[in-house]
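Input: a single structure, listed below in structure tokens.
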Amino acid sequence: MIPVSLLVFVMAGWCAVYLADTLLRSSVTHRIRYESWLASRGLMLSPFHVRWQTTMFNRLFAYCARINPRALYLWFNSGLVFGIAAMVGSVVLLVKTLQQTYAQMTTDNPRIGGQQSLQVVVPGVNLPTSQLAYFFIALLLSGVIHELGHAVAALRESVRVNGFGVFVFVMYPGAFVDLFTTHLSLISPAQQLRIFCAGVWHNFVLCVAALGLLFLLPVLLFPAYTTGGGALVTEVVQGSAADGPRGLSVGDIVTGLEDCPVRGVEDWTSCLSHLTHTPQTGYCVPVTSLQPSWAHGRPFKRLDGTMDCCSNNSLTDLCFSYIKPQGRNSREREFACMPVRKMVTGTATCRSDADCATHTAAASVCVTPSLENQTRFIRVTHLPSPNMLFVGYPPHLQYAVGLTNFVPRFGFLHRDLPIFLETFLKYVVSLSGALAVVNSVPCFALDGQWMLNALLEATLVAVVTDRQKRELIGFFLLLAGSALLAANVALGLWMVTAR
């Protein structure tokens with residue numbers, strides 16, 4: 001469900017703006033001054049919509065349209081080819097997404113939910129409110145670059161640009177350019193296609209550029225931040241499994257999970273996944289250190305069938321199982337309740353007693369924590385503190401901390417700066433790519449409508465000579481594309497909010 005607090009905040013803000021606008025327009029003394037003030041600044045207000053338009057960037061657009069005409073010709077022709085390919089690709093992607101959404105609706109398998117190619121984003125539901133700033137800034141940047149492509153392409157084709165503007169609809173920002181439609185109708189369909197395809201082409205280029213910066217970020221930040229030496233802890237969720245005096249702290253560097261080395265966040269995730277799906281690791285303990293279970297109570301079965309031997313619910317002791325040294329031929333298992341930190345600190349990991357013979361000279365036995373199903377005991381190596389000992393479900397540990405690959409070289413550097421850059425670039429990649437896909441769909445009121453109309457005029461003139469028939473073909477294609485997009489949006493919203 002959509003958070004009520006966010007909905008109330010948005011509705012209250014728009015109600016206040018609309019009420020103030022209504023009062024000023026109905027005021028005898030302030031109406032003329034207020035309307036002239038709005039007109040002079042290019043502002044327009046309507047329910048849940050505000051926009052600002054200006055001509056101050058027209059010179060910049062004109063300058064860009066005159067830079068190296070030959071290169072611009074090749075640039076926008078590449079955009080034309082990409083736009084046509086994207087129009088076909090967007091339909092295929094929407095059909096695939098619709099199939100995936102339907103499969104998710106008709107199955108109880110939770111893994112299907114993460115397989116959608118495109119997802120509807122609803123702030124506060126599947127978009128954390130803490131990341132709204134990244135979302136809106138990246139969305140606005142993607143919209144500005146999109147409209148910049150239209151404006152420069154239009155001026156290059158001798159179509160006048162009346163102005164450029166930005167708007168906010170409900171809570172989503174965007175941008176637009178106002179083109180002189182008379183000039184636009186006089187140029188050839190190929191010229192129109194270059195103008196209409198320029199927006200999605202620029203979104204694609206921005207997506208690729210942001211993706212390149214994302215991969216090059218370790219190189220670009222190398223003078224100030226190091227990578228590959230571990231995962232830096234930037235956040236610990238209060239009250240989580242990683243919190244506490246013996247847990248993780250902000251600024252710690254995680255270098256290992258059991259015998260799995262951690263060089264970065266990706267290793268942290270893969271190691272936790274590996275430990276989740278593999279049997280519990282054992283530890284080489286000297287035979288002389290074993291304490292018989294009768295000192296703490298006899299072994300007993302838990303409700304899930306696993307064995308326990310620490311009946312006093314101690315926070316420092318843990319039940320371990322091992323093959324009885326005197327009866328290894330019979331493979332008889334023994335249980336011992338032992339002080340866990342003392343027993344596993346500095347010990348080697350093992351899978352059997354044979355592994356311990358290669359690691360230690362003294363007589364040792366491989367002891368394994370006797371835990372509930374799907375529960376694991378994990379040693380977390382983090383500098384500069386002693387190992388953190390975790391007992392629980394490994395994914396809980398993953399969501400208990402925030403990590404980054406970047407470790408500051410100097411104390412005055414902010415540890416969250418690389419996270420800000422990474423997160424913003426990821427949003428630019430996803431949102432700019434999404435705008436390129438959505439605007440390519442042959443759908444009413446989107447760029448795809450004008451791209452399709454221009455394409456049909458450029459290719460079907462010799463085949464379908466009647467203009468009305470060409471328009472009828474375009475209408476049915478647009479109707480199908482609009483229905484496809486509407487179905488994706490409607491089902492996507494239902495999957496995000498209703499479930």
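Observations, loosely collected:
- Top-ranked residue of the range 44-64 - restricted to ones that are touching a helix residue (DSSP H, G or I) at 6+ places or on another chain (Cβ under 7 Å) and in a loop (DSSP other than H, G, I, E, B), ranked as modelled with the highest pLDDT: Phe48
- Neighbours by Cβ (under 9 Å, 6+ apart or cross-chain): first from the range 22-42, more than 19 Å from Trp52 (Cα to Cα); second open to solvent by less than 80 Å² (accessible area, probe 1.4 Å): Ser27/Tyr34; His30/Leu24; Arg31/Leu24
Residue-wise test of (1) touching a Gly at 6+ places or on another chain (Cβ under 6 Å); (2) open to solvent by 10 Å² or more (accessible area, probe 1.4 Å); (3) within 16 Å of Pro418 (Cβ to Cβ).
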{"residue": "Thr226", "(1), (2), (3)": "no, yes, yes"}
{"residue": "Gly229", "(1), (2), (3)": "no, yes, yes"}
{"residue": "Leu232", "(1), (2), (3)": "no, no, yes"}
{"residue": "Val236", "(1), (2), (3)": "no, yes, no"}
{"residue": "Ala242", "(1), (2), (3)": "no, no, no"}
{"residue": "Gly251", "(1), (2), (3)": "no, yes, yes"}
{"residue": "Gly256", "(1), (2), (3)": "no, no, no"}
{"residue": "Asp259", "(1), (2), (3)": "no, yes, no"}
{"residue": "Gly264", "(1), (2), (3)": "no, no, yes"}
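- Unmet criterion (only one of (1) open to solvent by 60 Å² or more (accessible area, probe 1.4 Å); (2) in contact with a helix residue (DSSP H, G or I) (Cβ under 7 Å, 6 or more places away or on another chain); (3) free of Cβ contacts under 8 Å to residues at least 60 places away in the same chain) for Leu446: (1)
- Long-range neighbours under 7 Å by Cβ, at least six apart or interchain, first residue at pLDDT below 95 and aromatic (Phe, Trp, Tyr) within the range 419-440, second part of a helix (DSSP H, G or I) and open to solvent by 40 Å² or more (accessible area, probe 1.4 Å): none
- Any hit, the range 461-468, residues being buried (at least 17 other Cβ atoms within 10 Å of the Cβ) and either farther than 24 Å from Phe196 by Cα or not polar (S, T, N, Q) (or both): no
- Filtering the range 1-23 to residues that are closer than 17 Å to Thr497 by Cα and assigned to a helix (DSSP H, G or I) leaves Val4, Ser5, Leu6, Leu7, Val8.
- Residues of the range 400-440 classified as part of a helix (DSSP H, G or I), among the polar types (S, T, N, Q) and under 21 Å from Ile137 (Cβ atoms), total: 4
- Residue within the range 159-167 that is over 27 Å from Ala434 (Cβ atoms) and open to solvent by 10 Å² or more (accessible area, probe 1.4 Å) present: yes
- Of all residues in the range 196-204, none are touching a residue at least 24 places away in the same chain (Cβ under 8 Å) and out of contact with any Gly (no Cβ under 8 Å at 6 or more places or on another chain).
- Selection from the range 65-76 of residues that are open to solvent by 40 Å² or more (accessible area, probe 1.4 Å) and in a helix (DSSP H, G or I): Pro69, Arg70, Ala71, Tyr73, Leu74, Trp75
- Qualifying residues in the range 352-401 (those that are surrounded by fewer than 17 Cβ atoms within 10 Å (Cβ to Cβ) and in contact with a Pro (Cβ under 8 Å, 6 or more places away or on another chain)) - the one modelled with the highest pLDDT: Val391
- Of all the criteria given as (1) open to solvent by less than 60 Å² (accessible area, probe 1.4 Å); (2) at pLDDT below 90, the one not satisfied by Ser130 is (1).
- Pairing residues of the range 208-221 that are under 17 Å from Ser430 (Cα atoms) with residues that are among the small types (Gly, Ala, Ser) and in a helix (DSSP H, G or I), at Cβ distances under 7 Å and at least 6 apart in sequence or on separate chains, gives Ala210/Ser432.
- Boolean, Thr288 is open to solvent by 30 Å² or more (accessible area, probe 1.4 Å), under 30 Å from Ala363 (Cα atoms) and outside any helix (DSSP H, G or I): no
- Among the conditions (1) at pLDDT below 95; (2) surrounded by 12 or more Cβ atoms within 10 Å (Cβ to Cβ); (3) part of a helix (DSSP H, G or I), Phe82 misses just one, which is (1).
- Given (1) modelled with pLDDT of 95 or more; (2) part of a helix (DSSP H, G or I), index of the condition Leu98 fails: (1)
- Residue ID - modelled with the lowest pLDDT, chosen from residues in the range 478-499 that are in a helix (DSSP H, G or I) and either among the aromatic types (Phe, Trp, Tyr) or open to solvent by 80 Å² or more (accessible area, probe 1.4 Å) (or both): Trp494
The values are calculated or read from the model by the stated rules, or taken from the named source; none is laboratory data. Source: prediction; values computed, not measured. Note that we place each Cβ from the backbone using ideal geometry, even for glycine, and neighbour counts take in every protein chain shown. Note: accessible area is taken over every heavy atom of the protein model, side chains too, but ligands, DNA and RNA are not part of it. Shrake-Rupley method; radii C 1.70, N 1.55, O 1.52, S 1.80 Å.
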